[in-house]
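Please read the structure below before turning to the comments.
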Amino acid sequence: MTRQQVIDFLTSGFALANLPDSFMQLQRIANDPHSDIEDVVEVAKRDSELAASLLKLSNSSLYNSAGDEISTIEGAAQLLGLRKVVESSLALGVIKKIDIDSSCLDLCCFWKRSLAVATLSEDVYLATPRHLKTIVDPKLLYTAGLLHDIGLLALVQGFAPEMVRTVETAIAEGLPIQEVEYREFGFTHQDVGRILFKKWNLPEELQCVAGYHHNPIELRRRLFYPLVDLVYIADYICCASSRQPVSAFKPKMYEEVWRRSGLSLDMIDSFSDRLDEVVASTEAILSC
């Protein structure tokens with residue numbers, strides 16, 4: 001597997017060589033302070049698969065404890081609210097596009113973690129000092145968390161045998177997967193994610209999340225520290241709270257990142273109860 005082979009695959013072979021139209025439309029809605037729930041409803045109505053998934057989500061026990069049947073997109077949007085509809089739609093628009101053999105990667109576990117990081121990134125943001133809140137655009141947090149590891153997904157889909165061996169080696173040697181990737185190929189799934197984000201014309205700060213979420217201390221663009229740090233911390237909390245964390249995918253501890261974010265390591269324990277709620281939410285989305 002060479003860098004050029006990977007670039008060629010990202011251009012013509014990867015299931016997400018281009019982001020779905022509905023995803024891009026929802027991104028614009030999420031970033032527009034003047035948008036409202038009717039804008040989201042119109043996007044969903046033009047995407048039958050997305051509409052069906054939102055209806056299923058709105059009728060799930062997690063969001064519809066009363067059990068009243070929701071049969072229209074308008075009703076689903078009213079029940080779930082603007083933020084939940086946008087975030088769920090963003091996630092579903094991407095998740096539905098990718099299929100990978102379970103012997104290569106547990107796709108359900110991958111998306112559970114990605115969805116959890118997306119939600120926790122927003123929660124961690126609320127706990128940051130005020131001066132950092134003025135730097136980070138909170139509208140980017142969910143997308144940053146959701147897609148932070150998309151480079152790994154691309155490599156597994158395009159180069160399964162090589163990546164299976166890489167994961168097995170990382171687990172056997174007790175090393176983070178990106179270290180083994182770099183040793184074997186000269187690049188990592190973070191580099192691949194950054195290439196994808198740039199191809200999709202996503203903002204530079206999101207490209208930095210894709211490229212540095214495992215090792216944020218190597219990032220040189222100080223302006224983008226806070227966003228990358230928040231996703232790293234959310235990912236760390238998810239893994240630290242997991243009952244069966246896989247060492248190859250567990251982030252390293254960088255205390256410097258926690259310090260410059262003004263956050264305490266005590267947050268890891270304080271988020272344990274919240275994580276149960278987050279996991280329930282991710283499972284509801286994945287069941288759609």
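Residue by residue through segment 116-135, note down the ones that are over 17 Å from the mean Cα position of the chain (by Cα) and either touching a residue at least 12 places away in the same chain (Cβ under 8 Å) or assigned to a helix (DSSP H, G or I) (or both). Break it down stepwise before answering.
Residues of segment 116-135 that are over 17 Å from the mean Cα position of the chain (by Cα), as a first pass: 126-135.
Answer for segment 116-135, where residues must be over 17 Å from the mean Cα position of the chain (by Cα) and either touching a residue at least 12 places away in the same chain (Cβ under 8 Å) or assigned to a helix (DSSP H, G or I) (or both): Leu126, Ala127, Thr128, Pro129, Arg130, His131, Leu132, Lys133, Ile135.
If a residue has to be at pLDDT below 90 and in contact with a Phe, Trp or Tyr (Cβ under 9 Å, 6 or more places away or on another chain) to count, how many in segment 253-267 make the cut?
Residues in segment 253-267 being at pLDDT below 90 and in contact with a Phe, Trp or Tyr (Cβ under 9 Å, 6 or more places away or on another chain): 3 in total.
What is the one condition in (1) in contact with a Cys (Cβ under 6 Å, 6 or more places away or on another chain); (2) at pLDDT below 90 that Lys96 does not satisfy?
Single failed check for Lys96: (1).
Residues in segment 36-45: is at least one outside the structural domain of Ala284 (by TED's automatic domain parsing), more than 29 Å from Leu155 (Cβ to Cβ), modelled with pLDDT of 85 or more and assigned to a loop (DSSP other than H, G, I, E, B)?
No: zero hits.
If you check Thr143 against the conditions, is it part of a helix (DSSP H, G or I) and either surrounded by fewer than 24 Cβ atoms within 10 Å (Cβ to Cβ) or on the phi > 0 side of the Ramachandran plot (or both)? Steps first, please.
Numbers: part of a helix (DSSP H, G or I): yes; either surrounded by fewer than 24 Cβ atoms within 10 Å (Cβ to Cβ) or on the phi > 0 side of the Ramachandran plot (or both): no.
Against the criterion (part of a helix (DSSP H, G or I) and either surrounded by fewer than 24 Cβ atoms within 10 Å (Cβ to Cβ) or on the phi > 0 side of the Ramachandran plot (or both)), Thr143 does not qualify.
Quick one: which residue in Ser114, Ser89, Ser58 is in contact with a Leu (Cβ under 6 Å, 6 or more places away or on another chain), crowded, with 21+ Cβ neighbours inside 10 Å and assigned by TED's automatic domain parsing to the domain that holds Ala280? Before the answer, list the steps.
Working: Ser89 fails: assigned by TED's automatic domain parsing to the domain that holds Ala280; Ser58 fails: assigned by TED's automatic domain parsing to the domain that holds Ala280.
None of the other options fit; the residue is Ser114.
The values are calculated or read from the model by the stated rules, or taken from the named source; none is laboratory data. Note that this is a predicted model, so its numbers are computed, not measured. So basically every Cβ, Gly included, is an ideal-geometry build from the backbone, and we count neighbours across all protein chains shown.
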